[in-house]
Structure formats: C-alpha cells, structure tokens
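Structure first, then comments.
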Amino acid sequence: MPKVGMEPIRRQQLIDATRACIGEDGFAATTVQSIAKRAGVSTGIIAHYFGSKLGLLEATMRELLQQLKLDLIGRLPANPTPEQRIDAIIETNFSKTQTDPLSAKTWLAFWSSAMHEPTFARLQRINEKRLHSNLRYCFKQLNHPAPNQAAGTLAALIDGLWLRGALSPDGIQAERCIALCRHQTELLIAVARNHNTKPETA
C-alpha cells in the first residue's frame, strides 16, 4: 500500500531533477532519460505522473511561477500600502529563489523556448500579465495619471535588469537591481504625488 503523501514527493523529485538537468546540460540536452537517471527512477514513472517530457517541463515551469507568487505573498505585510506592495514585487523578482544560477538558467531556457512552444508562450504571457496587473493596481491606488504606462515602465525595467544579469558572467546583482528599480519607483510615485497636489483649474 503506497504511503500517504508519496505522490507529491515523487512529483517534486522529478521537477527538481528537471531543473537540475536544464541548469547543467541545457534545455536541448535535457531528455526523459537524463531526468529519470538524475531522479533515480525509471522513464515510465515520468510517463505515469506527467504523460511526456513536455508535460514534465510544463509542470516545472508552473512550479517556478507558483514559487514566484508565493514568495510575493510571503513578503506582503497585512494591509500593505501601494508603496509597500510595489517594493515587495521588486524584491520578489530579485529574490534568491529567482536569481540563483540554477533558477536563472531554467527561466532563460523556458523563455527562449516560448518562441517555439505554445504551452510555454501561454505561461509566459500569464507571468507578464500578472506582473503588469499587480503594478498597475498599485499605481491606480496612488492615483497616478497614467497607471498603465507607469506599470509598463517598471515591469520593463524589472525584466530588463533580470535578463541582462542572467546573461552576464557575473550573474544577477540583486541589490543593485533592486536599488535601480526603487529609484524608478520613486520617480513614478513623485509623478502621482505631483498630479494629486496640482490645483484644479476652473
């Protein structure tokens, strides 16, 4: 009789093995066989839990997205102000779980594959929309005159700094990236404050 909780443990084991294979061998060289070997299981186990290599890769990407979401939730204080929420979003995107070499390589592999694989492209769009909508919500709370544009500006900076760092031999310099994003946030919030204090014309 199988032990209670064995299935989620085995699924997580295979997802972890997938991330390790992608990080060390690259996306193209990662196969069902290499994942199974690293996890110490038969290839039939992967077919049982995920159906195929694509199913396992999709589950791995969903795991990264869920980890990002939970990390943000864990950083938010009770009843956060818009400023606190924006800062938590910035910190989350440059947290250790998102910037360590293994995670960075896995993210890069998925994003590059999204150009050719509809499943990954759909998940990428979900991630982009989530970041943009979270930031837009904050700027709307601040009564920014152009919340959509402000959200797009900060989201582009976050993604751009992350990507440039991930492609750099030195890796992502999280503290510097956070500082740059906070500086941009201050400028955007200043626009909102100026807009809110501007006297109305008759």
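Ordered from largest to smallest accessible area (heavy atoms of protein chains, 1.4 Å probe), the residues Ile90, Ile126, Ile9 come out as Ile9, Ile126, Ile90. Please work out whether the range 73-129 counts as rounded, prolate or oblate from its C-alpha gyration tensor, where a ≥ b ≥ c are the square roots of the eigenvalues and a/c under 1.5 means rounded, while otherwise a/b larger than b/c means prolate and anything else oblate? Verdict is oblate for the range 73-129.
Computed about the Cα centre, the dipole magnitude for the range 1-100 is approximately 380 debye when only Lys and Arg (+1) and Asp and Glu (-1) carry charge, each at its Cβ.
For the chain, the membrane-span-like helices by this rule, meaning whole DSSP H stretches whose C-alpha atoms cover at least 15 Å of axis and whose Kyte-Doolittle mean is 0.5 or above, are 147-167; this says nothing about an actual membrane. Among Pro82, Pro147, Pro169, the largest mean-square fluctuation in a Gaussian network model of the chain (Cα springs under 10 Å) belongs to Pro169.
Projecting the Cα atoms of Pro77, Ser42, Ala166 onto the charge dipole of the chain, computed from C-beta unit charges around the Cα centre, puts Ser42 farthest toward the positive end. Subtracting the Cα-Cα distance of Arg11 and Leu102 from 0.36 nm times their residue separation leaves 30.9 nm of extension gain. The range 7-49 and the range 145-199 have their alpha-carbon centroids 36 Å apart. Projecting each Cα onto the charge dipole of the range 22-126 (Lys/Arg +1, Asp/Glu -1 at the beta carbon, about the Cα centre), which of Gly51, Gln124, Trp107 comes out farthest on the positive side? Selected residue: Gly51. Each Lys and Arg adds +1 at its Cβ and each Asp and Glu adds -1 at its Cβ; summed about the Cα centre, the range 111-188 shows a dipole of about 300 debye. The listed residues Arg75, Arg19 rank as Arg75, Arg19 when sorted by accessible area, largest first, using a 1.4 Å probe.
Find the all-direction average of the projected area of the Cα convex hull for the range 150-192, expressing the result in square nanometres with one decimal place.
Details: hull surface 10.7 nm².
Dividing the Cα hull surface by four gives the mean projection, 2.7 nm².
Model label points for Leu167 and Val191, set 7 angstrom from Cα along the Cα-to-Cβ axis, are 2.5 nm apart. With a 1.4 Å probe rolled over the protein heavy atoms of all chains, the accessible area of Arg182, Arg10, Arg125 falls in the order Arg125, Arg182, Arg10, largest first.
The values are calculated or read from the model by the stated rules, or taken from the named source; none is laboratory data. Note that the structure is predicted; figures quoted are calculated from it, not measured. For neighbour counting, all protein chains shown are included, and Cβ atoms are generated from backbone atoms with ideal geometry for every residue, glycine included. With ligands, DNA and RNA removed, areas are computed over all heavy atoms of the protein, side chains included. Shrake-Rupley method; radii C 1.70, N 1.55, O 1.52, S 1.80 Å.
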